[in-house]
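None of the figures in this text is laboratory data; all of them are computed from the coordinates on show. What you see is a predicted model, and the numbers here were worked out from it, not measured in a lab. All Cβ positions, even for glycine, are placed from backbone atoms using ideal geometry, and neighbour counts span all protein chains on display.
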Amino acid sequence: MYSNFVNWFSATPMGSFIVKHVASRLDPVIFKATNGRFTSTGIPTLPMITMTAIGRKSGQPRAVQLVYVDDGDDFLVVASAMGQARHPDWRYNIEANPEVELQARGEVFRARAEVLGDDEKDRFWPRIKQAIPQMNTYEKRTDRKIRVFRLRRLD
């Protein structure tokens, strides 16, 4: 019940505002400090990672909390920006500098980001929307092409 409420609320206009302006700043710090056990809403209701990318303009590390969908050992993340008209900044950062650091499942490691082609995205999109129910709302809010990225561990 709690998970359903948090997932529903985060897709509302007020919930999206809170996620964008409050949780997006707090969650990477909380998630890192608790080794992935908590976010600003408590126990994560969806699978979460913290991705740290190098800012394309600043050259500084930028951490962002993201929901992911597993694809074997890879992580699929969606540049939805909660359905806003503009793409999220992290998308531009990983396109400019695809090597990132991930904190996931209690470990920290390097990964490489690559955008999924249209055919591959189309194949995964129903599964993504089922795993991340907010995507149904976010997809309706925007006309832009929402990109999906694969994060593959570097060994």
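The H on the amide N of Asp74, modeled in the peptide plane, is under 5 Å from the matching H of no residue at least 5 residues off or on a different chain. Per residue of the chain, the DSSP helices (runs of n ≥ 4 H) give a summed -39500 (n - 2.57) that works out to -10000 deg cm²/dmol at 222 nm. Restricting the trypsin sites (Lys or Arg not before Pro) of segment 67-117 to loop positions (DSSP other than H, G, I, E, B) with no more than 16 neighbouring Cβ atoms within 10 Å leaves Arg86, Arg105. When you filter the chymotrypsin sites (Phe, Trp or Tyr not before Pro) in segment 1-78 for DSSP loop state and at most 16 other Cβ atoms inside 10 Å of their Cβ, you are left with Phe38.
Work through the residues other than Pro88 whose Cβ is under 12 Å from its Cβ and net out their charges, Lys, Arg +1 and Asp, Glu -1. In short, +4. Its relative contact order, with pairs defined as Cα atoms under 8 Å and 6+ residues apart, puts the chain at 24 percent. Ellipsoid semi-axes for the chain, based on the Cα gyration tensor and the rule √(5λ), read 21, 19, 16 Å when sorted largest first.
Assuming R0 = 25 Å, can you tell me the calculated FRET efficiency for the pair Asp70 and Asp118, based on Cβ-Cβ distance, to the nearest 0.05? With R0 = 25 Å, the Cβ-Cβ based efficiency is 0.70. Taken over segment 2-153, lysine pairs spaced eight or more positions apart, or on distinct chains, with alpha carbons under 25 Å apart number 13.
If you plug the beta carbon distance of Phe109 and Ala85 into 1/(1 + (r/R0)^6) with R0 = 30 Å, you get a FRET efficiency near 0.35.
In order along segment 77-83, phi translates into HN-Hα couplings of 10, 10, 8, 7, 6, 6, x Hz, rounded to whole numbers, per the Karplus curve 6.51 cos²θ - 1.76 cosθ + 1.60 with θ = phi - 60° and x for Gly and Pro.
Starting from segment 17-60, pick out the trypsin sites (Lys or Arg not before Pro) whose DSSP state is loop and whose Cβ has at most 13 other Cβ atoms within 10 Å.
On the way: sites: Lys20, Arg25, Lys32, Arg37, Arg56, Lys57; in loops: Arg37, Arg56, Lys57.
Hits after loop and neighbour filter: Arg37, Lys57.
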